[in-house]
Each structure stands twice: as C-alpha cells, then as structure tokens.
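Step one of this worksheet: look at the structure below.
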Amino acid sequence: MTGRMPGPTSHTFFSQRLRLHYVDWGNPTKAPLVLLHGGRDHCRNWDWAAAALRDDWHIIAPDLRGHGDSQWSTDGSYTLAGYIYDLVQLIHQQRLAPATIIAHSLGGQIALRYAGIYPKTVARLVAIEGLGPPPAWLAQAASKTIVERMEEWIAEQRNLAGRLPRRYASIEDAFRRMQEENPHLTAEQARHLTVHGVNQNEDGTYSWKFDNYVRAWPPYDMRGRDIQLLWSRIDCPTLLMYGKESRAGNPAEDGRARHFRHAQVIGVEGAGHWLHHDRLDDFLKIVRTFLTTDGTVR
C-alpha cells in the first residue's frame with residue numbers, strides 16, 4: 001500500500017510456547033484498537049481500515065496462531081479456547097486494556113467470547129459476522145451424536161494430514177484464486193491480500209501461509225447456552241455487522257442479538273462476508289460513527 005506515512009512494524013509475542021506475530025501501526029499515545037482477522041486470513045487484510053483509522057488510534061493487528069506469520073500449532077489443534085488465550089496474552093502483555101476491538105468472522109467469535117470473560121477490558125466492540133454459524137446450521141450439527149461428530153473429525157484430520165499445501169506456479173495464479181474466492185474484491189485489494197498471504201517455496205512456487213489444519217471444525221465447543229451467557233456479560237457498546245449478500249443471516253431476525261445487553265445490528269447492502277473489503281467506505285463511515293458517538297449508528 002502507498003500513503004503519506006510508513007506501514008506497520010512487525011512484532012512477536014509468545015502464547016502457549018508459540019511465537020505469534022502482530023503488526024503495530026504506531027501512535028502509542030492514542031487509545032488501543034485491536035483488529036482481529038478471520039479464518040485462513042492474515043493481519044494485513046486490515047491495512048485499508050488501519051490506514052484510515054491510524055491517526056486516531058493505536059492499532060494492533062495480530063496474526064492468529066496457524067495464520068499469517070504466526071507459528072503453527074505443533075499438534076494441528078486449533079480451538080476457540082486457544083485463540084481466546086492468545087488474545088488474552090496479547091492484551092495482557094502489551095498492556096492494551098481497555099481496548100476497542102474490531103473483528104471479522106472467526107476473529108469475531110474470539111473477540112465476543114473474550115469480551116464476555118473480561119468485560120471490563122473492552123471499551124467498544126465491532127463484530128463483523130462474528131457470531132459463528134447461523135442457528136439452522138447449529139441445529140443440524142446438534143442432531144449428530146458425539147460418536148458421529150468424533151468420527152467425522154477424525155476422518156477430516158486424516159484427510160488434512162495427507163493434504164499438502166496447494167502450490168501455485170506464480171503470484172498471478174494465487175492472485176486469480178483470491179479473486180475467485182471473493183469477486184467483490186478489486187484487483188488492487190486481491191493483489192495486496194495475496195502478496196501478504198503467501199510464502200514462496202524452495203522450488204519457486206507459492207503457497208498460502210495458513211496451516212491446513214485450521215480448516216477443521218472441532219467436534220465439540222462451548223455449549224450454546226454458555227456462549228450466550230458470555231454474550232450477555234459483554235458490558236460495552238457492541239456493533240454486530242453483516243453483509244446482506246452473505247449467508248450469515250441477520251442476528252436481529254434470528255434471535256442471536258437478543259442475548260446482548262448493548263448491541264446494535266447493522267446490515268450492509270451490496271456486501272458479502274468480507275464487508276469491510278466489499279464496502280470499505282460504508283464500513284468506515286459506520287465504524288467511525290460508532291466509535292466516536294454514544295455508540296448509536298443511525
């Protein structure tokens with residue numbers, strides 16, 4: 001990216017013996033703003049939002065374990081509990097509390113649960129499609145016995161164990177795959193996300209940075225009522241955003257938003273799952289209003 005100021009600086013911290021990476025956009029005298037990416041993504045997906053907000057915030061954007069430039073889990077296990085612990089450690093070690101958090105997808109699940117565990121450490125929270133799978137999907141999953149879920153998970157683990165990272169002959173090939181994944185992206189966005197999302201292999205090919213094991217959905221998680229309890233404990237103004245072209249659903253209509261004390265739901269027209277890319281200007285306008293007013297977006 002280009003701009004009047006230099007880009008972020010890279011740093012590391014440790015959590016459960018893993019060396020995890022984050023970028024710091026400077027401005028340490030300002031209030032902290034933590035940006036959490038989603039699954040199979042990386043911290044530099046926030047660059048456009050960070051560049052727009054860096055004058056007013058001290059922005060920290062980590063790579064989740066198994067993603068970006070963070071280490072992979074040695075046992076191939078990726079749980080919400082582990083991700084939450086990493087966020088706890090980042091905020092604790094860098095003394096960021098109370099922090100404002102903007103999080104997408106998997107990052108949103110992490111942030112919402114973290115904010116329910118430690119409500120006093122979060123000043124404001126924006127979750128972009130971060131409530132997890134919609135109720136219909138969860139109901140279908142709940143209909144399976146633990147035997148069925150464990151068997152499916154074991155089969156998936158075995159499949160992933162034999163799955164080599166996909167290799168692209170060139171950056172251009174990986175760039176085209178990125179465009180296929182999200183047709184809303186401009187060529188500039190797709191290229192930027194690709195350049196920061198791949199490593200070059202010894203043979204000159206390119207592979208995505210994330211660990212293939214992050215694809216696996218754990219066979220069990222917190223119970224639904226426990227997750228809802230954590231949502232109900234969130235004490236800060238909360239903005240739940242979703243793209244109207246996404247399959248995530250409207251949490252105000254499907255009942256999930258009712259578990260929050262101070263949540264507002266905003267749907268964005270012409271946007272899918274990555275609404276902060278698909279409608280960047282609209283996203284920034286909404287977020288700035290939410291962060292600089294009483295939390296009400298009209």
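So the values come out like this:
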{"read-out": "Cα-derived Rg to Rh of the stretch 211-298, Kirkwood definition", "value": "1.02"}
{"read-out": "Most mobile listed residue (MET178, MET222, MET241) in the chain, GNM with C-alpha springs under 10 Å", "value": "MET222"}
{"read-out": "Relative packing of peptides 91-104, 133-146 - highest average C-beta neighbours within 10 Å first", "value": "91-104, 133-146"}
{"read-out": "Computed lengthening from ALA31 to ARG288, 0.36 nm per intervening residue step minus Cα-Cα distance", "value": "91.1 nm"}
{"read-out": "Per-selection Kirkwood Rh - the stretch 158-265 (Cα, Å, 1 d.p.)", "value": "17.5 Å"}
{"read-out": "Rg/Rg_ref, the stretch 47-196, where Rg_ref = 2.2 N^0.38 Å and atoms are Cα", "value": "1.23"}
{"read-out": "D (Stokes-Einstein, µm²/s), Kirkwood Cα radius, the chain, 0.890 mPa s at 25 °C", "value": "124 µm²/s"}
{"read-out": "Neighbour-count order for ILE234, ILE227, ILE128, fewest beta carbons within 10 angstrom listed first", "value": "ILE227, ILE234, ILE128"}
{"read-out": "Within the chain: Cβ-based charge dipole about Cα centre, in debye rounded to nearest 20 (Lys, Arg +1; Asp, Glu -1)", "value": "660 debye"}
{"read-out": "For a label point 7 Å along the Cα-to-beta-carbon line of ARG233, residues of the stretch 82-114 with backbone N under 13 Å", "value": "112-114"}
{"read-out": "Stretch gain in nm, segment ILE154-LEU280, where the contour uses 0.36 nm per residue and the Cα spacing is subtracted", "value": "41.4 nm"}
{"read-out": "Global size of the stretch 165-209 as Cα Rg and Dmax, reported in angstrom", "value": "10.0, 32"}
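Coordinate-derived values only; no laboratory data. These numbers come from a predicted model, not from an experiment. Using ideal geometry, Cβ is built from the backbone for each residue, glycine included, and neighbour counts are taken over all protein chains shown.
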